[in-house]
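Novice: The structure under discussion is supplied below as structure tokens; questions concerning it will follow.
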Amino acid sequence: MRKLSILLFILFFSNFLYSQSIIGSITGAEQNKEYNIAIKKNNIVVANILSQKGNFTYNNEITAGNYTLEIYDKSTLLKKKNISLASKENRLIVDLSKEVEEVVIQSNKFIDLRADRLVFSLANSPFKDGFNSFEVLKKVPFLIVNDDKVSIVGKGDMIFTINDKRVNYSEQELIEYLKTIPSENIDKIEVITNPPTKYDSYGNGGVVNIKLKRPKDDLGLILSSSYIQRTHPNYSNNINFNYTKNKVSLNVNANYLKNQLQNDYRYFLTDSNDFFKQSSVERSQINNDKLSSSLNFNYKLNKNTDIGLLYDFFYSTTDNTTDKRIFQSAGSSIEDNSKYSNNSVKNVLNLYSDIKIDTLGSKISLLANYINNNADDSNDLGNYLYNNNNDQKNNIYAFQGDLTLVRKKVDYNAGFNINRFTNDIINDSNQGSNIFNYRELIYNTYFDVDLTINEKFSLKGGLKYENWTRNINDIKINNNYLFPTLNLSYKLNKKNSFTLSYSKRLVKPYLSYLNPYRNYTTENSYFTGNPYLNAYTVNNIDFRYAYNSVLFFNLYSNFNKDVYGSITKFEGDGREVRTYDNYYSSSVYGTSISYFYRKIKWFDSQLYYNLYYVDSDVRSDFQSKNGFVNVLYADSNFYLKKDKSTFLSLSYFISLPYKAVNNENRTNASFSASFKTNLIKDLLTLSIAASDIFKQQGEKRTTYFSNADKQSYYRYNDFRRVSITLTYKIGKRKNSKRIDSNDRIEGQ
């Protein structure tokens, strides 16, 4: 107890060993010019000072110790110098007539592998302007980006965060939101394959964290308009307005999107002798209009405290017409068409406060969040006298607190999150009414430590406790979980580094996966959820080697217990039933290698290859299919101007045929190209992009049942497209802030 008291005394007493003042002068400077001076500790800014006529003073609290001083002319680094501050008065003289002592970042190095994440720096990349964040994600290593999904190769469901705060959107809302963030606003993108405990425990696919820039005083406007040609034309228009002055910053964003999509679906069922049993052909025409807007207000209460408000609004209307025909072995066929419509309104209100508690970067973050979502939909079948209407209302109330203590060699992080989720669906159809009430309460608390042992060794580890209580139509389920994480990092030298990590994650089902009511798509086919569907756990182990930030090698495995998934089965009367169930467990063992070529000024390229083996154990009504998965990704950029403002980019992705769980999957591929140039420097940008040019991205697989039946499946969701985007910009846009919260409304 005595040792613990001494440790706590030393830990907190260190905050009071302050420097009293800094008085400095800059020689070799232009006397009438203002220079920005940053004092940093471990690459963290602890003081910003503005020089006047070559002199500067700083009288706020800074702990005595070693620091780095940097002098900037606007954004240009003029001088970098190591300094040592005493406990009382400090006098500094900096000579600008000498060259910069140290180069901070090489202009062609914008990819870096760290202990638990890969960092893609936009400021040093050719994609820093003229794009949106969704397009930039396609250039980030380890990510597979389709029009309807973003994922990390070899992993499953993942979460998105903006400035370390989770985005509270469904998957489709997320993609549309990402398209509204200009690349000019992005500082870096982090692919966190083994997230620390402070992040939501949901999903086994890791975290993608987008860090936005923090601009100084400005008044900015960014206008963007896109024409997108798929099977049918689509349009998108976006406006961003930003005002930042002294203690106040305000950002207003509005986006309108008009989508027209054509989706095709086919399946073919045969028996053990390959005799035809049943088949289906389905085509959907989807018209979707979306209007979204956001308002972000931030006020700097004092030098240590920021408070803010964020409000998001979404309005969406969808009309879906589907023609379907089922062929049966007796020679008969069933033709039907369905009309589905949906209107939804979503409101997100977020209040936040960040409080600095010392000059090293320690802080307290408090966030409160309210989400309201109202939707109504209807589904009518043409030949089959069936109609179905749903009225859905759900609310999320969340509160989160985080504490970060930064010390010389160790950082401490602790926090909690309380999340209350209520959902009510009242269903009325001519087949009978249905009420689906869902209540959920999640409480979690975490603690982790980031320890720098010496120049070569570092350790990051933590533990999260979570209680998850849910009530589904008076079916009450209560679970408790512990989620440990551990990252070990070793730097052999400047060019060689190694990391070893472990984490445990939890994948929770979306609401539509739980609703047991039948929604018919034809007279003989329907979709139903499963109220007894369980979340499943994932244990991840990763070992990585990095050489000179150009070559990355990875060995990994993950172990999945009682995994749920979408299944199609057939009842005795030949009815097709689509539902979800926990029907298999799997183990994955894999390796990947990435190489980045950066030796020619007018050309660079990245190659990524992933090979993994899936060993699965499925329940008795399916056949296990184990096998190797091969994924290859290549991306190349050809720069047509020295400043890289004009370039052509080509990328190709291919997943070769493989067996996994109870399926055989055929080749899935996509070839894309993009071109970008400045029509008016720093004002008007043109970008042209084509995706899935050869229409290879369709999902094709065969499912095997225990009775030797086989079902061949094909789905294509109108991925092939060409887009033309004009972006007009004046100034920059302030970043948005989001809360880490639970939102599983996807799939409705």
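The values are calculated or read from the model by the stated rules, or taken from the named source; none is laboratory data. All figures in this text were calculated on a predicted structure; none of them were measured in a lab. Cβ sites come from the backbone with ideal geometry, for glycine too, and all protein chains shown count toward neighbours.
Novice: Just one of Ile442, Ile475 is more than 30 Å from Ile44 (Cα to Cα) and surrounded by 15 or more Cβ atoms within 10 Å (Cβ to Cβ); which is it?
Specialist: Sole residue among the options that is more than 30 Å from Ile44 (Cα to Cα) and surrounded by 15 or more Cβ atoms within 10 Å (Cβ to Cβ): Ile442.
Novice: Every residue in segment 320-358 that is assigned to a loop (DSSP other than H, G, I, E, B) and surrounded by 15 or more Cβ atoms within 10 Å (Cβ to Cβ), please. Spell out the reasoning first.
Specialist: At the first step, the residues of segment 320-358 found to be assigned to a loop (DSSP other than H, G, I, E, B) are 329-332, 357-358.
If the condition is that a residue be assigned to a loop (DSSP other than H, G, I, E, B) and surrounded by 15 or more Cβ atoms within 10 Å (Cβ to Cβ), then Ile357, Asp358 are the ones that fit.
Novice: Might you check whether a residue that is closer than 30 Å to Asp621 by Cα and touching a residue at least 12 places away in the same chain (Cβ under 8 Å) occurs anywhere in segment 670-687?
Specialist: no
Novice: In addition: Being of a type in the set (Ser, Thr, Tyr) and either in a helix (DSSP H, G or I) or surrounded by 19 or more Cβ atoms within 10 Å (Cβ to Cβ) (or both) is the requirement here; does Tyr517 meet it?
Specialist: Numbers: of a type in the set (Ser, Thr, Tyr): yes; either in a helix (DSSP H, G or I) or surrounded by 19 or more Cβ atoms within 10 Å (Cβ to Cβ) (or both): yes.
So Tyr517 passes the test.
Novice: Quick check on Glu576: is it among the acidic types (Asp, Glu) and surrounded by fewer than 17 Cβ atoms within 10 Å (Cβ to Cβ)? Walk me through how you get there before you give the answer.
Specialist: Numbers: among the acidic types (Asp, Glu): yes; surrounded by fewer than 17 Cβ atoms within 10 Å (Cβ to Cβ): no.
The answer is no for Glu576.
Novice: If we keep just the residues of segment 442-464 that are aliphatic (A, V, I, L, M) and in a strand (DSSP E or B), which is farthest from Val406 (Cα to Cα)? It would help to see each step written out before you state the result.
Specialist: Step one: filter segment 442-464 for residues aliphatic (A, V, I, L, M), giving 442, 449, 451, 453, 459, 463.
Now drop any that are not in a strand (DSSP E or B), which leaves 442, 449, 451, 459, 463.
Details: Ile442: 28, Val449: 10, Leu451: 10, Leu459: 15, Leu463: 19 Å.
Here the residue is Ile442.
Novice: Okay, moving on. Considering only residues that are within 25 Å of Asn304 (Cα to Cα), at pLDDT below 75 and not in a strand (DSSP E or B), which ones fall in segment 49-83?
Specialist: Residues satisfying the conditions are Asn59, Asn60, Glu61, Ala64, Lys74, Ser75.
Novice: Tell me whether segment 381-395 contains one or more residues that are surrounded by fewer than 19 Cβ atoms within 10 Å (Cβ to Cβ) and either modelled with pLDDT of 90 or more or under 23 Å from the mean Cα position of the chain (by Cα) (or both).
Specialist: Looking only at segment 381-395, we keep the residues that are surrounded by fewer than 19 Cβ atoms within 10 Å (Cβ to Cβ), and these are 382-385, 387, 389, 391, 393, 395.
Keeping just the survivors that are either modelled with pLDDT of 90 or more or under 23 Å from the mean Cα position of the chain (by Cα) (or both) gives 395.
Within segment 381-395 (the criterion being surrounded by fewer than 19 Cβ atoms within 10 Å (Cβ to Cβ) and either modelled with pLDDT of 90 or more or under 23 Å from the mean Cα position of the chain (by Cα) (or both)), the answer is yes, since at least one residue qualifies.
Novice: Determine, yes or no, whether Lys642 is surrounded by fewer than 15 Cβ atoms within 10 Å (Cβ to Cβ), assigned to a strand (DSSP E or B) and either among the polar types (S, T, N, Q) or out of contact with any Pro (no Cβ under 9 Å at 6 or more places or on another chain) (or both).
Specialist: So Lys642 fails the test.
Novice: Taking the condition assigned by TED's automatic domain parsing to the domain that holds Tyr608 and either over 25 Å from Asn388 (Cβ atoms) or of a type in the set (Gly, Ala, Ser) (or both), does Asn530 pass?
Specialist: Numbers: assigned by TED's automatic domain parsing to the domain that holds Tyr608: yes; either over 25 Å from Asn388 (Cβ atoms) or of a type in the set (Gly, Ala, Ser) (or both): no.
The answer is no for Asn530.
Novice: Let me ask another. Between a first residue in segment 491-502 that is touching a residue at least 24 places away in the same chain (Cβ under 8 Å) and a second residue that is in a loop (DSSP other than H, G, I, E, B) and of a type in the set (Val, Ile, Thr), which pairs have beta carbons less than 9 Å apart while being 6 or more apart in sequence or on different chains?
Specialist: Ser501/Thr193
Novice: Can you name the number of the only condition in (1) without any contact (Cβ under 8 Å) to a residue 24 or more places away in the chain; (2) buried (at least 16 other Cβ atoms within 10 Å of the Cβ) that Glu571 fails?
Specialist: Condition (2) is where Glu571 drops out.
Novice: Those residues that are touching a residue at least 40 places away in the same chain (Cβ under 8 Å), over 25 Å from the mean Cα position of the chain (by Cα) and surrounded by 17 or more Cβ atoms within 10 Å (Cβ to Cβ), I need them from segment 584-597; list them, please. Explain how you work it out, then say what you get.
Specialist: Going through segment 584-597, the residues touching a residue at least 40 places away in the same chain (Cβ under 8 Å) turn out to be 584, 586, 588, 590, 592-597.
Then keep just the ones that are over 25 Å from the mean Cα position of the chain (by Cα); that gives 584, 597.
Across segment 584-597, the qualifying residue is only Tyr584.
Novice: If I filter segment 239-273 down to residues being outside any strand (DSSP E or B) and over 22 Å from Ile334 (Cα atoms), which single residue comes out as farthest from the chain's Cα centre (by Cα)? Spell out how you get there, then give the answer.
Specialist: Taking segment 239-273 first, the residues outside any strand (DSSP E or B) are 246-247, 271-273.
Restricting the remaining residues to those that are over 22 Å from Ile334 (Cα atoms) gives 246-247, 272-273.
Working: Asn246: 31, Lys247: 30, Ser272: 43, Asn273: 45 Å.
Once the filter is applied, the top-ranked residue is Asn273.
Novice: Can you name the residue in segment 14-48 that is crowded, with 17+ Cβ neighbours inside 10 Å and at pLDDT below 70 and, of all such residues, is nearest to Thr404 (Cα to Cα)?
Specialist: My answer is Ser19.
Novice: Further question: Can you give me the number of residues within segment 481-499 that are under 23 Å from the mean Cα position of the chain (by Cα) and surrounded by fewer than 18 Cβ atoms within 10 Å (Cβ to Cβ)?
Specialist: Taking segment 481-499 as the starting set, the residues that turn out to be under 23 Å from the mean Cα position of the chain (by Cα) are 483-487, 499.
With the extra rule that they be surrounded by fewer than 18 Cβ atoms within 10 Å (Cβ to Cβ), the set shrinks to 484, 486.
Final tally of qualifying residues: 2.
Novice: Given the criteria closer than 22 Å to Glu173 by Cβ and not acidic (Asp, Glu), does Leu250 qualify? Walk me through it before giving the result.
Specialist: Details: closer than 22 Å to Glu173 by Cβ: no; not acidic (Asp, Glu): yes.
It is false that Leu250 is closer than 22 Å to Glu173 by Cβ and not acidic (Asp, Glu).
Novice: Another question about this same structure. Show the residue pairs meeting these rules: Cβ distance below 8 Å; 6+ apart or different chains; first residue within segment 328-340 and assigned by TED's automatic domain parsing to the domain that holds Leu381; second residue of a type in the set (Asp, Glu) and modelled with pLDDT under 75.
Specialist: Ile334/Glu523; Asp336/Glu523
Novice: For segment 654-661, state whether one or more residues are among the charged types (D, E, K, R), in contact with a Gly (Cβ under 9 Å, 6 or more places away or on another chain), over 18 Å from Tyr714 (Cβ atoms) and assigned to a strand (DSSP E or B). Let's see the steps before the verdict.
Specialist: We begin by selecting, within segment 654-661, every residue among the charged types (D, E, K, R); these are 659.
In the following step, the residues that additionally are in contact with a Gly (Cβ under 9 Å, 6 or more places away or on another chain) were identified as 659.
Narrowing further to those that are over 18 Å from Tyr714 (Cβ atoms): none.
Checked segment 654-661: no residue is among the charged types (D, E, K, R), in contact with a Gly (Cβ under 9 Å, 6 or more places away or on another chain), over 18 Å from Tyr714 (Cβ atoms) and assigned to a strand (DSSP E or B).
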